[in-house]
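Undergrad: Got a structure for you, questions after.
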Amino acid sequence: MVFNKVTVAALLLSAGSAAAFAPKPATAFVAKSVATSAPVSNSAATHSTGCACGSCQRNSPFAVLFSAVEETAEAAADVPAEVEALDGIESSDEAHNAERPARKSLKKKGPRGKPLSEYSTGDTVSAKVKTITSYGAFLDIGASTDGLLHISQLCADFVSDVNEVLKVGQEVDVRIINIDENKGQVALTLLSEDEEEAAKEAQNSSRKQRDRPGRGGNRRDDGAVLASLVEKGWNSEQFVEGQVVSTVEFGAFVRVDAGQLAEGVEGQFDGLVHISALTAGRADAVTNFVNVDDKVQVRVKAINDRKVSLTMVSPEDEAARKEAMGGSVEVQGAKDWKESLQKMKADMPEFKNRPVVVDLRK
């Protein structure tokens with residue numbers, strides 16, 4: 001049985017009503033003596049059932065009943081609404097099905113500032129630094145969301161630590177450079193428009209890749225020139241003039257006019273001079289021997305899949321280096337090994353997997 005406050009009140013009311021009609025022995029009321037101008041003797045009075053005096057009314061079952069109901073009502077008034085909503089639920093397993101009002105402390109608060117729609121890109125606003133992170137600072141600009149001042153927007157020069165420029169609680173004037181109302185994001189800057197434009201140009205120029213092979217979208221298409229040169233042939237011991245177009249840690253890229261190597265071939269191609277092919281000795285750094293725009297003498301050693309291998313070492317120095325390293329490193333074996341292998345495969349019998357039938361009746 002489920003006991004709620006309505007059930008308890010009904011039980012108390014029924015109990016009080018029954019007690020009111022039950023026979024009750026007569027009680028005696030003894031009045032205390034009261035000091036007056038004339039001495040009064042103590043007297044005792046006997047009260048019958050249903051007496052209307054104040055003492056009997058306070059001790060009656062009805063007074064007790066209504067007093068208990070009032071106390072229950074006062075206690076119920078102090079019960080939170082979300083707890084009162086669970087009144088009458090037998091088990092905690094069904095509590096989650098009850099519709100309970102949300103606590104006031106958990107209710108979402110409205111926007112604390114102006115909506116982002118009231119701001120525009122390019123506006124200059126006063127802001128206060130709230131928090132500082134490793135990548136920037138969040139500033140209160142009076143909007144419904146805080147704005148982000150990225151570390152790259154603090155100064156035109158390089159900034160390694162945000163705390164060197166800003167402090168929590170500092171008030172600054174910032175410019176809005178981007179607003180995303182859907183995501184609730186605001187991008188801020190301390191740079192002027194001229195400083196921002198100069199920073200963008202410097203960033204774009206640093207990202208540009210030089211015109212050299214193997215470097216993404218700027219790679220030259222030398223396929224037609226190289227195919228023509230391979231068809232005509234070239235002298236691998238002949239030195240030709242080239243121009244250094246770029247340098248990297250592992251070598252230098254040199255541009256060569258193909259017409260110097262074979263007649264009837266027009267166009268230019270780029271090749272790599274490895275750091276080990278810059279000099280007959282040891283090369284510690286590429287820039288110690290060549291730099292961009294230098295004119296150099298190179299030999300074309302090999303052309304493989306649009307990749308050209310160049311060298312600045314003479315054939316004599318190259319041979320001497322091989323001997324010093326322990327002799328020739330040329331591939332040993334017959335030069336016509338491919339033809340011999342194909343002939344051997346042609347003479348071999350052909351094997352195929354077929355089912356084998358064995359007669360076991362014998």
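Undergrad: Taking the full set of protein chains and a 1.4 angstrom probe, give the accessible area of Ile177 in square angstrom, rounded to the nearest 10.
TA: 50 Å²
Undergrad: Testing the spin-label approximation: label points 7 Å from Cα along Cα→Cβ at Lys295 and Lys114. State their distance in nm.
TA: 6.6 nm
Undergrad: Next question. What does the accessible area per residue of the stretch 241-362 come to in Å², with a 1.4 Å probe and no ligands, DNA or RNA counted? Can you show the working numbers first?
TA: Details: 9070 Å² over 122 residues.
Using a 1.4 Å probe on heavy atoms only, each residue of the stretch 241-362 averages 74 Å².
Undergrad: Describe numerically, in nm with one decimal, the distance between label points set 7 Å from Cα along Cα→Cβ at Leu341 and at Ala262.
TA: 2.6 nm
Undergrad: Excluding Lys130 itself, calculate the net charge of residues whose Cβ lies under 10 Å from the Cβ of Lys130, where each Lys or Arg counts +1 and each Asp or Glu counts -1.
TA: Net charge around Lys130: -1.
Undergrad: For Asp140, Asp359, Asp305, what's the largest-to-smallest order of accessible area, 1.4 Å probe?
TA: Values: Asp140 55, Asp359 75, Asp305 130 Å².
Highest to lowest solvent-accessible surface, that is Asp305, Asp359, Asp140.
Undergrad: On to the next question. So which GluC sites (Glu not before Pro) in the stretch 225-306 are both in a DSSP loop and have at most 13 other Cβ atoms within 10 Å of their Cβ?
TA: Qualifying residues, ordered by number: Glu237, Glu249, Glu263, Glu266.
Undergrad: Under 13 Å from the Cβ of Asn178, count the other residues' Cβ atoms, weight Lys and Arg +1, Asp and Glu -1, and hand me the total.
TA: -2
Undergrad: Rg/Rh for the stretch 230-299: what does it come to with C-alpha atoms and Rh from Kirkwood?
TA: Over the Cα atoms of the stretch 230-299, Rg/Rh equals 0.99.
Undergrad: Can you put Phe250, Phe138, Phe351 in order of accessible area, largest first, using a 1.4 Å probe? Show your work: numbers first, answer last.
TA: Working: Phe250 90, Phe138 60, Phe351 165 Å².
Ranking Phe250, Phe138, Phe351 by accessible area, largest first, yields Phe351, Phe250, Phe138.
Undergrad: Ok, one more. If you roll a 1.4 Å probe over the stretch 113-187 with all protein chains in place, what percent of the accessible area is carbon or sulfur? List each step's numbers first, then the result.
TA: Working: 1930 of 4270 Å².
Carbon and sulfur: 45 percent of the exposed surface of the stretch 113-187.
The values are calculated or read from the model by the stated rules, or taken from the named source; none is laboratory data. The structure displayed is predicted, hence computed values, not measured ones. No Cβ is skipped: glycine too gets one built from the backbone with ideal geometry, and neighbour counts run over all protein chains shown. With ligands, DNA and RNA removed, areas are computed over all heavy atoms of the protein, side chains included. Shrake-Rupley method; radii C 1.70, N 1.55, O 1.52, S 1.80 Å.
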